[in-house]
1. Which residue pairs have Cβ atoms closer than 8 Å, lie 6 or more positions apart in sequence or on different chains, and pair a first residue in the range 129-145 that is closer than 9 Å to Ala7 by Cβ with a second residue that is acidic (Asp, Glu)?
2. Do you know which of the residues in the range 35-46 that are crowded, with 23+ Cβ neighbours inside 10 Å and within 15 Å of Ile109 (Cβ to Cβ) is modelled with the highest pLDDT?
3. Count, please, the residues in the range 18-35 that happen to be farther than 20 Å from Lys86 by Cα, touching a helix residue (DSSP H, G or I) at 6+ places or on another chain (Cβ under 7 Å) and part of a helix (DSSP H, G or I).
4. Return the residue satisfying two criteria in turn: it lies in the range 1-35 and is out of contact with any Gly (no Cβ under 6 Å at 6 or more places or on another chain) and small (Gly, Ala, Ser), and of such residues it is nearest to Thr118 (Cα to Cα).
5. Within the range 36-63, how many residues turn out to be among the charged types (D, E, K, R) and either within 13 Å of Ile119 (Cα to Cα) or part of a helix (DSSP H, G or I) (or both)?
6. Going by the structure shown, is Ser15 surrounded by 21 or more Cβ atoms within 10 Å (Cβ to Cβ), on the phi < 0 side of the Ramachandran plot, part of a helix (DSSP H, G or I) and among the polar types (S, T, N, Q)?
Amino acid sequence: MSEFYIALIVGLLLSLAVEEFFGISSGGVIVAGYLAMICDDLLSVGIVLLIALLTYLVVEFVLPRFILLFGKRKFVACILVGLVFKLLADFFVPTLPFATLAFRGIGVITPALIAHTTIKQGVHITIPAVLAVSYLTFGIVQLLMRVI
């Protein structure tokens, strides 16, 4: 079993546990597993969080002035705005590890999921939860990879 699958499994379980026990979403169930794969690259983590924050700001404060956003519309807006910011990041910093073909789709969805969760919970809850669960996932995966 590859490190990616282990990270996804551990991330899913930890995200679910945090949401069930504390009522806090860590950005979406796949976010921790994906971010755990890049936790050793702070630039990549920072850019994912920056894209998520910019997406949140645009969808929450800019777009509603022009478009009525709610429910699925708001979620789709997060994905589309996140996609634009991810493409800009790929253009300006093309050597980022999360820009590789294998992670391209997840790299677009992850910031959108974080942004969408931030709209619901706020920055002060979502970002610490995302970082905590992602780095905990990273630590567990590293331990498991040494054992396996």
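1. Cβ pairs passing all conditions: Phe138/Asp40; Val141/Glu3.
2. Leu35
3. 1
4. It comes out as Gly27.
5. Restricting attention to the range 36-63, the residues satisfying the condition of being among the charged types (D, E, K, R) are 40-41, 60.
Going one step further and asking which of them are either within 13 Å of Ile119 (Cα to Cα) or part of a helix (DSSP H, G or I) (or both), we end up with 60.
Final tally of qualifying residues: 1.
6. yes
The values are calculated or read from the model by the stated rules, or taken from the named source; none is laboratory data. Quick caveat, the model's predicted, so the values are computed rather than measured. Note that each Cβ is placed from the backbone with ideal geometry, even for glycine, and that neighbours are counted across all protein chains shown.
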